[in-house]
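The values are calculated or read from the model by the stated rules, or taken from the named source; none is laboratory data. Every value quoted in this text rests on a predicted model; they were computed, and no experiment measured them. Glycine gets a Cβ as well: all are built from the backbone with ideal geometry, and neighbour counts include every protein chain shown.
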Amino acid sequence: MIGGGKDAFIGEVHRMAARLDGHIDLVCGAFSSDPKRSKTFGKTLHLSADRVYGSYEEMIAAEKKLPEDVRMDFVSIVTPNHLHFAPAKLALENGFHVVCDKPVTFSIEEAKALQKVVEKKKLLFALTHNYTGYPMVKEAKAIIASGKIGKLRRAIVEYPQGWLSTRLESSGQKQADWRTDPKRSGKAGGMGDIGTHAENLLEYISGLKIKKLCADLNTFVPDRKLDDDGAVLLELEQGAKATLLATQIAAGEENALKIRLYGEKAGLEWSQMEPNTLLLKHLDKSTEIKRTGVGKLSKATQFATRLPAGHPEGFIEAFANIYKNFALSLMAVKSGKKPNDLIDDYPKIEDGVRGMRFIDKVIESSVSKEKWVRF
């Protein structure tokens, strides 16, 4: 692991998710840019002192020298956005597979450069757009792919949060501080942080790519340097239309990611606050309530489900599904096999590049007089 030390929110989430299915062990790490803090934190994880490093450069160089059955198999990068590219590139160039938090890099230029390295080295790269790991998200994707709702006409995806309704970054709160700093977050604030989740979820479930968009970005909190609110009109493949809302100033909201998709014959609705439920809305009969673990569900849905019906599975389990599929794919590759479709189901470098392009195009549209821009 690179990053994820003391006071880091997402690092422990990654560690819990990675070890949930028993396929992955944390064997080494460079947990802070401060070598002393990295060493100290490594002790709290009960790692061997000689496998806790003062920098990611030191870790990659040292691990590469170890016997193949001892050294790390892949790197998990859980740093702020501006510190994704360099360690990911170095790890790939030295033959290590990579799991990386989102958005994939600081800029679209870095994302494209990283994609070239992944393709050249022919290594696995996973991006933790964790909402795609929920079983009922996979069920929604399978239903649309089956043609059950007919040709998709309209989608609405919204991601309202309220935690940045005040200038929290001025209080020294670590997560707010770096996410609102253009030097560390990149050129987008809320649209980069949660808007890319909404964009990825929309393309994943619908199976359609964005073709054009028209965006409006706002910064409501005084003296904030990046956007904290935005709305986007989208044109997808096959003529489908979509609306995307991403805001972090929706006072009182927690993590209310929600998506609705409407076809010619039926509609679908899924909410992250009630993740075990998927609504299938028909034109001529009552709405079906589909539940995780109940009834006939797709193979992908069943594969992503761990517990019997009525036992809630949530954020960590969805996150773990990305790690599980990545680990099983890596085991297949190491044994000379091609990963099957079930385990090859996780966000990849291509999704990361699209996420960075989404950020660029949203900002381009927001400041353009023409408004509509091609994706």
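Some points to look at:
Table: residues versus (1) crowded, with 22+ Cβ neighbours inside 10 Å; (2) among the β-branched types (Val, Ile, Thr); (3) not in a helix (DSSP H, G or I).
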{"site": "MET59", "(1), (2), (3)": "yes, no, no"}
{"site": "HIS82", "(1), (2), (3)": "no, no, no"}
{"site": "VAL98", "(1), (2), (3)": "yes, yes, yes"}
{"site": "PHE106", "(1), (2), (3)": "yes, no, yes"}
{"site": "GLU109", "(1), (2), (3)": "no, no, no"}
{"site": "TRP163", "(1), (2), (3)": "no, no, yes"}
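- Counted residues, region 309-327 - those being farther than 20 Å from TYR131 by Cβ and among the hydrophobic types (A, V, I, L, M, F, W, C): 1
- Of the candidates ILE322, ILE343, ILE289, the single residue that is in contact with a helix residue (DSSP H, G or I) (Cβ under 7 Å, 6 or more places away or on another chain), outside any loop (DSSP other than H, G, I, E, B) and of a type in the set (A, V, I, L, M) is ILE322.
- Among (1) free of Cβ contacts under 8 Å to residues at least 40 places away in the same chain; (2) not assigned by TED's automatic domain parsing to the domain that holds GLY150 - the single one GLU288 does not satisfy: (2)
- Qualifying positions in region 60-83 - closer than 28 Å to TRP178 by Cα and either among the small types (Gly, Ala, Ser) or over 25 Å from the mean Cα position of the chain (by Cα) (or both): SER76
- Residues of region 44-57 that turn out to be part of a loop (DSSP other than H, G, I, E, B) and closer than 24 Å to LEU92 by Cβ, as a count: 4
- Flag if ALA320 is under 17 Å from the mean Cα position of the chain (by Cα), on the phi < 0 side of the Ramachandran plot and surrounded by 11 or more Cβ atoms within 10 Å (Cβ to Cβ): yes
- Taken across region 109-127, residues that are in the same structural domain as GLN248 (by TED's automatic domain parsing), in contact (Cβ under 8 Å) with a residue 12 or more places away in the chain, of a type in the set (Val, Ile, Thr) and under 23 Å from ILE359 (Cα atoms) do not occur at all.
- Candidate set: region 110-151, residues that are charged (D, E, K, R) and under 19 Å from the mean Cα position of the chain (by Cα); chosen: the one farthest from LEU280 (Cα to Cα): GLU110
- Scanning region 119-147 for residues that are over 26 Å from HIS97 (Cα atoms), touching a helix residue (DSSP H, G or I) at 6+ places or on another chain (Cβ under 9 Å) and of a type outside the set (A, V, I, L, M, F, W, C) turns up GLU139, LYS141.
- Scoring GLY293 on the criteria (1) surrounded by fewer than 22 Cβ atoms within 10 Å (Cβ to Cβ); (2) at negative phi leaves a single failure, condition (2).
- Residue count for region 36-53, restricted to those that are closer than 19 Å to LYS65 by Cα and surrounded by fewer than 17 Cβ atoms within 10 Å (Cβ to Cβ): 3
- Breaking point among (1) outside any helix (DSSP H, G or I); (2) over 15 Å from LEU164 (Cα atoms), for GLY230: (2)
- Taking the listed residues GLU274, GLU269, the one that is outside any loop (DSSP other than H, G, I, E, B), at negative phi and not basic (Lys, Arg) is GLU269, with no other qualifying.
- Scanning region 346-373 for residues that are part of a helix (DSSP H, G or I) and among the aliphatic types (A, V, I, L, M), we see that the one that is surrounded by the most Cβ atoms within 10 Å (Cβ to Cβ) is VAL362.
- Only listed residue being surrounded by fewer than 16 Cβ atoms within 10 Å (Cβ to Cβ) and more than 22 Å from GLY189 (Cα to Cα), chosen from PRO339, PRO308: PRO308
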